[in-house]
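Let me begin by presenting the structure, written as structure tokens, before commenting on it.
What follows is calculated from the coordinates using simple rules that are stated; it is not laboratory data. All values derive from a computational prediction rather than experimental measurement. Here Cβ is always computed from backbone atoms with ideal geometry, including for glycine, and neighbour counts include all displayed protein chains.
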2 protein chains.
Amino acid sequence: MTKAVKIYLFKMDNLGNTIRKLREAKELPLRTVAAYLDIDQAILSKIERGQRKINRDQVIRLAQYFEVKEETLLVSWLSDKLVYELEDEELALKALQVAEEKIKYTTLKPKK
Amino acid sequence: MTKAVKIYLFKMDNLGNTIRKLREAKELPLRTVAAYLDIDQAILSKIERGQRKINRDQVIRLAQYFEVKEETLLVSWLSDKLVYELEDEELALKALQVAEEKIKYTTLKPKK
DNA sequence: ATATATTTTGACAGCTTTTGTCAAAAATAG
DNA sequence: CTATTTTTGACAAAAGCTGTCAAAATATAT
């Protein structure tokens, strides 16, 4: 049995912070959640602090585990990766806008 | 001496295509441009066709070489990386928007 | 068509990065 | 203080990236 605690997620948080908040809200030790993900607790500790990467499958499993929408965590995970890719780039915002156009463009005109 | 040819770059092109267009506009063989970048021509061939990555320094050198704005090629390069990171993701556009918010957010409030 | 130049391909080795494991150290809770 | 949890860093294995090379394929020119 886990505690039912109302928890408000902050969109600007990176996924690591969000995971930590979710885990602490339920007062679960790293050990427990790590076991569920089948990884070492040291890795989960690092994931929560942004020192290690988490993969897509693990994000999805966590969404189920913590009963939050998959989309919420996936968007957080993806956007973290984008932000990481753009770190220290002055052209970050321009690149994001062009990327958006490119994706819209190729979605409209599927290749082949 | 290189030919002076008016060339129009297409924003939606990936960087590889743009490089190829620039190179062909000047009628230069892979060999020549590759030598300038100090890489094997096989790699440049792959870069132009999107099979290999190009790094930041190489992008900047190419901008100088082809006399186009650094920003133009860097934005193309960065946005390609973002698109690559998001390939096959249905949440791509949402992730881009959140990434934009995150970057604006942390730029306004520099940490520490 | 032949000869020449250019481009593409794939195998390979070396290097870097990523990933997970582990145990000890540090921090926190009771 | 004791017990529990979290963090840290060293390590090895696995995966990924980079450049080199030569042969195969393609394109160009005569």
Open item on the list: Excluding same-chain pairs closer than 8 in sequence, count the lysine pairs in segment B:15-108 whose Cα atoms lie under 16 Å apart.
Closed with: 6
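So what is the relative contact order for chain B, in percent, with contacts set as C-alpha pairs under 8 Å and at least six apart?
Normalised by residue count, the contact order of chain B is 21 percent.
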Open item on the list: Let me spell out the model: positive unit charges on the Cβ of Lys and Arg, negative unit charges on the Cβ of Asp and Glu, origin at the Cα centre of chain A. What dipole size does that give, in debye rounded to 20?
Closed with: 360
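What does the convex hull of the Cα atoms come to per residue for chain A, in Å³?
Value for chain A: 131 Å³ per residue.
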Task: Within 10 Å of each Cβ in B:74-81, the average number of Cβ atoms from other chains - done: 6
Open item on the list: Can you tell me the orientation of helix B:15-25 relative to chain B, as the angle in degrees between its alpha-carbon axis and the longest Cα principal axis, to the nearest 10?
Closed with: 20
Task: Paramagnetic reach from A:LEU108 (point 7 Å along Cα→Cβ, amide N under 15 Å) across segment B:7-23 - done: B:11-13
Open item on the list: Checking the cross-link filter: which aspartates and glutamates have an alpha carbon closer than 14 Å to that of A:LYS6, excluding same-chain neighbours under 8 positions apart?
Closed with: A:GLU24, A:GLU27, A:GLU67
Task: Per-peptide average of other Cβ atoms within 10 Å, ordering A:99-105, B:72-78 highest first - done: B:72-78, A:99-105
Task: On Cα atoms only, tilt of B:92-108 relative to the major axis of chain B in degrees - done: 80
